[in-house]
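What follows is a single structure, written as structure tokens, with notes after it.
The values are calculated or read from the model by the stated rules, or taken from the named source; none is laboratory data. Please read all numbers here as calculations on a predicted model, not as lab measurements. Every residue, glycine as well, gets a Cβ built from its backbone with ideal geometry; the counts of neighbours run over all protein chains shown. Please note that ligands, DNA and RNA were not included when accessible areas were found on the heavy atoms of the full protein model with its side chains. Shrake-Rupley method; radii C 1.70, N 1.55, O 1.52, S 1.80 Å.
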Amino acid sequence: MSVHRIREYPDPVLVSPAEKVVDFDDSLLSLVEDMWETMAQYDGVGLAAPQIGLGIQVAVVGWKDRKIVLVNPEVIEAEGEAVQEEGCLSAPGIFEKVTRPCRVVVIAQDEKGVSQRIEESGFLARAIMHEIDHLQGHLFFDRLSPLKRRFLKRKIQKRG
Ligand code: NI
């Protein structure tokens with residue numbers, strides 16, 4: 001297992017849609033292990049493969065005793081609206097209130113290719129949607145008003 005370097009915005013891999021996973025082989029198993037280790041190392045609650053430089057649809061979400069692996073996830077239901085502050089390992093130091101659904105149902109495969117139906121609400125629903133956004137080439141500030149988004153992106157680019 002190894003900890004990977006986290007890519008930061010505006011790294012191109014973070015703003016491009018990720019490819020679907022087709023091969024469920026040993027390299028995918030070890031990638032998911034590495035992602036858990038990297039997430040823990042950086043004190044995150046979720047991590048998507050593009051954040052370690054891989055443009056494939058793999059993400060993990062871990063909070064308390066719940067550990068969710070999302071391969072090729074698809075949101076099939078989203079309900080309600082909740083506003084809460086979010087941050088991202090790929091945009092350090094930026095925290096903003098983001099509106100997300102209160103409850104989501106997602107179909108995804110696990111690291112072995114087994115399809116699963118995942119239903120979560122509250123914080124876990126938010127974390128899952130944040131990671132799925134990464135797989136579509138979006139960061140959380142893409143969910144903000146255009147004005148706020150432009151301001152934040154400029155701030156980050158100046159810093160980099
Ligand atoms: Ni993130």
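Solvent-accessible area per residue in the chain equals 53 Å², computed with a 1.4 angstrom probe and all protein chains kept. Put a dot 7 Å past the Cα of Phe123, heading toward its Cβ, do the same for Ser16, and the two dots end up 3.5 nm apart.
Dividing the convex hull volume of the Cα atoms of region 86-128 by its residue count, what figure in Å³ per residue is obtained?
It comes to 77 Å³ per residue, whole-number rounded.
Less than 5 angstrom separates the built amide H of Glu86 from those of Glu96, Lys97, Val98, all sequence-distant by 5 or more or on a different chain. Inter-label distance, Leu147 to Ser27: 4.8 nm, where each label sits 7 Å from its Cα along the C-beta direction. Within the accessible area of the chain, the carbon and sulfur atoms contribute 49%, probe 1.4 Å, all protein chains present.
Contour minus end-to-end for Glu79 and Val3, with contour as 0.36 nm per residue of separation and end-to-end as the Cα-Cα distance?
Working: separation 76, 0.36 × 76 = 27.36 nm, distance 3.52 nm.
Length difference between fully extended and current span is 23.8 nm.
Cross-link check: pairs Lys20/Lys148; Lys20/Lys158; Lys64/Lys112; Lys97/Lys155; Lys112/Lys153 evaluated at a Cα-Cα cut-off of 27 Å; pairs beyond the cut-off: Lys20/Lys148; Lys20/Lys158; Lys112/Lys153.
Here the chain is treated as a Stokes sphere of Kirkwood radius computed over C-alpha pairs; at 37 °C and 0.692 mPa s its diffusion coefficient rounds to 208 µm²/s.
From Cα pairs below 8 angstrom and at least 6 apart in sequence, can you work out the relative contact order of the chain, rounded to a whole percent? Walk me through the intermediate numbers first.
Numbers: 300 pairs, mean separation 39.5, N = 160.
Reported relative contact order: 25 percent.
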